[in-house]
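All remarks here apply to the structure that follows.
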Amino acid sequence: MSFTALWPNKALLWKEWMNTSVIAAFFVGIITYVSSYTLLNEILLFRELAESGNSYLMTFETHDLLWHMANKAVVALGSILFMIALAAVMVGQERGHNTFDLLLAMPYSRREVIYNKFLFGFGLLLAVFVLNTLIMTVLIAVNPGIDFPFGIADVWTWALRSVLVLGFVFAFTLFISSMSGTTLGNGLLALIFLFFPIGMTSLIIVNVEFLHLLNDHRSVDSLLNTGMLLTVPTYIMGSHVFEEYNPTYVYGLLFLSTLVLYQLTQYLFARNHMENNGEVLMFSRIEGFFKLGVAVCFALLVAPIVMHRWDPGIFTAIIVYLVVGVSFWLLVNGIINWRRKA
Amino acid sequence: MIQIENLNKNYGESQALQDINLRVEQGSIFGLVGPNGAGKTTLIKTIMGVLLPSDGRVLVDGRDVHQDPTVKSRVGYVADYQNYYPGFRVKDMIRLYRQTYPHWSEERFAELSRIFSLPEGQKMAKLSKGMRTQLAVLLNLSLMPAVLVLDEPTSGLDPVLRRLVLNILVGEVAGNGTTIFIATHQLNELERTCDHVGILHEGRVLFDESLEQMKENIRKIQAAFDGELPEEFLKRPEILKVERQGRVYSIVVKEKVDEVKAELLNYKPLLLEDIDLSLEDIFIYRMGGLGYEFHGIVA
Amino acid sequence: MIRIDQRSSTPIYQQLVQEIKEVILRGVLQPGDKLPSVRELSVQLTINPNTVQKSYQELERQKIIENLRGKGTYVSTHYKPREDTEKLSVLRDDLRKVLIEAHYLGLDEEKITEMVRQLLEELTIREGDR
């Protein structure tokens, strides 16, 4: 891997903006709405009550805005989905319309094209959060009379966490997109794998409890905690990660893993053969792993549901797991082959 | 100048391009022909850096296209189908090119815009194939190319536009010394415009020579005799094909045409004349001579 | 004025040489006249400029046209069609073949001379024209 200097390219960044402006605008709107706009509204309401001498009625309902300096789950999920959509579209659209053919025939290297995609996503993130944080800082600073339940430092922490987590999500989706050939594939696979650790641990717990293999609640809890720890998107929803671990390390680790994802994405795109565009999976070698993963996950998910009404013996249970697993393996196999033919 | 050295391209197990070596000199036009599925588009996309070669390299003016993509700032490319961002308007596409290519010429652009009148406000998704091609020609000539790579540039154009585009290309070579690499199955276009022609067949370039050489080296002679021509004469290695109808022999000769003709005169022909061979015939005979079955070069 | 037949087995550059010679022979272009530039002619005929260049070089070699550097290409002022023994023998052979064919078509001497006279008239080559 070479580390030759890469510069922001005006034409490429402008092109990304043209192609994603709708998603980007929605993202800016949502973040601004839940942060600066909501804070401003609360302040105006407080002022109104203060003028009529009823300020004691005002308890700062920051639930709509920031919840213990973390995002409400719905907001967090929304912003994560937008980030995934942004990255998925940025790559999926180029593949879908064969515009990589156009770009790569231009005097741009693959590295440069991908680099500017990252730059655009991170630029957007930084712009949105820095702008809103600045606005909120000013709003808090010019209203010393109000007893805000959070300080300026908290706002900046919120922004830093959001940028790092959403940046990770964005990088992760681009990484997945370097292996998947369609916008929908990019988005769904990213979503699945981002929530995979918590999903998988939950599945394991459900199955373990279903089969009465484990009755020790402490190990179940620690398993669940590990699952949460590995599920980065939960970090911006009031995760305990920041209380249990030194935040600096968490930030550092997030930043580092984002860098690693960037390098991996560059590596995969450099080896990417554009002729596979449009297939669900771009690299045939990961196909086996992918099918196996789907089969195992769905076996763990579906088998307990199928068996929950009766109490099967271990032998019957194994057969049900196998049947479900094999069926899903065949299903995925069929879908991949069908896409390939179409 | 374009140099292609030992270029190979594999798609999984199958070899799409095999050991391709070509050299297109500056200011010349190279024509690539071949039936559909021969690998023309694969070759062109590999030259342009869209596809990565499995082995070998492509040099433009001595610089490796895949290692050093900036060399493409003076390479124009008209693909077989123009892929544009569907949400873009014509003027957005123009902007993207203008910002991308450092040698972009507004003057040239204005000049060509008068020839191809394209609606600047039109969305890409609504442009016809012909209009996309025209836009591609317009954009890729305005970037002041030193090298132009064209994949069936005249397909989807009406005859008037087709002629116009070819005229512009020819003028480009004459005026700016541009090097052109063109894939086509329009043989008559090839003949007028190309210095050299290569045939791509099953991933290999079968031969690469000037059309004049090709035409001079292969002739069809029609001769009538009272008697029969001796077998050993007809088995000469230069004779590719013999057809006989009554007294009239049609003989396709490759190389040493004059020698064969002189010898034919010894057999006192009642009639001896050269028959014009179309380029297609020439290809067919040449390929046949190499043991290739040749179909559908003119698809 | 100049026509190129791409179906002919004669290479295009040779056709072009012949055509230009004929244009000069007919007096459409006269000694001292300027020929179109390589670029103009190639665009006009949609043929490769290198082919045009090659034809011009051939005509120059035959001293039919001359290239005045920086000014362009002109029909040579001292161009005099010369008898070329080698070419003459080729021409004689060609004529012989034509006459054989004419003979088989049932043309007699009188008809053949009549035809030649007509053709010469068409090409405006008359005795003493040189």
A:LEU81 fails exactly one of (1) over 25 Å from A:GLN263 (Cβ atoms); (2) modelled with pLDDT under 90; (3) away from every other protein chain (no Cβ under 14 Å), namely (2)
Inspect segment A:183-194 for any residue being modelled with pLDDT under 85 and not assigned by TED's automatic domain parsing to the domain that holds A:ASP311 and give the result as yes or no.
-> yes
Checked B:GLU243, B:GLU255, B:GLU273, B:GLU238 against criteria (among the charged types (D, E, K, R) and within 13 Å of chain C (Cβ to nearest Cβ)); the one match is B:GLU273
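Yes/no per residue for (1) assigned to a helix (DSSP H, G or I); (2) more than 21 Å from the chain's Cα centre (by Cα); (3) of a type in the set (Lys, Arg):
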residue: B:ARG57; (1), (2), (3): no, no, yes
residue: B:HIS66; (1), (2), (3): no, yes, no
residue: B:TYR77; (1), (2), (3): no, no, no
residue: B:GLN82; (1), (2), (3): no, no, no
residue: B:MET93; (1), (2), (3): yes, yes, no
residue: B:ARG108; (1), (2), (3): yes, yes, yes
residue: B:ARG114; (1), (2), (3): yes, yes, yes
residue: B:LEU138; (1), (2), (3): yes, no, no
The number of residues in segment B:28-55 that are under 14 Å from B:ILE180 (Cα atoms), within 12 Å of another protein chain (Cβ to nearest Cβ) and under 15 Å from the mean Cα position of the chain (by Cα) is 6
Of the residues in segment B:148-172, those that are in a loop (DSSP other than H, G, I, E, B) and either of a type in the set (Ser, Thr, Tyr) or within 11 Å of chain C (Cβ to nearest Cβ) (or both) come to B:THR154, B:SER155
For segment B:188-216, the count of residues that are in contact with a strand residue (DSSP E or B) (Cβ under 7 Å, 6 or more places away or on another chain) and either at the interface with chain C (Cβ under 7 Å from one of its Cβ atoms) or farther than 14 Å from B:MET287 by Cα (or both) equals 8
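Of everything in segment B:8-29, what is surrounded by fewer than 22 Cβ atoms within 10 Å (Cβ to Cβ) and touching a Gly at 6+ places or on another chain (Cβ under 9 Å)? Give them in sequence order. Steps first, answer last, please.
Filtering segment B:8-29 down to residues surrounded by fewer than 22 Cβ atoms within 10 Å (Cβ to Cβ) leaves B:8, B:10-16, B:18-19, B:21-23, B:25-27.
Residues satisfying the conditions are B:ASN8, B:SER14, B:GLN15, B:ALA16, B:GLN18, B:ASP19, B:ASN21, B:LEU22, B:GLN26, B:GLY27.
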Filtering segment C:22-54 for residues that are assigned to a helix (DSSP H, G or I) and away from chain B (no Cβ under 11 Å) leaves a count of 4
Filter segment B:67-79 for residues that are surrounded by 18 or more Cβ atoms within 10 Å (Cβ to Cβ) and not aliphatic (A, V, I, L, M); the one that is farthest from B:ILE168 (Cα to Cα) is B:PRO69
Selection over segment B:113-128 where residues are in contact (Cβ under 8 Å) with a residue 40 or more places away in the chain and more than 11 Å from B:VAL90 (Cβ to Cβ) yields a count of 1
Please indicate, with yes or no, whether at least one residue in segment A:171-194 is aliphatic (A, V, I, L, M), within 30 Å of A:THR99 (Cβ to Cβ) and outside any helix (DSSP H, G or I). yes
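The values are calculated or read from the model by the stated rules, or taken from the named source; none is laboratory data. What you see is a predicted model; the values in this text were computed from it and never measured. Methodologically, a virtual Cβ is constructed for each residue, glycine included, from the backbone with ideal geometry; neighbour enumeration extends over all protein chains shown.
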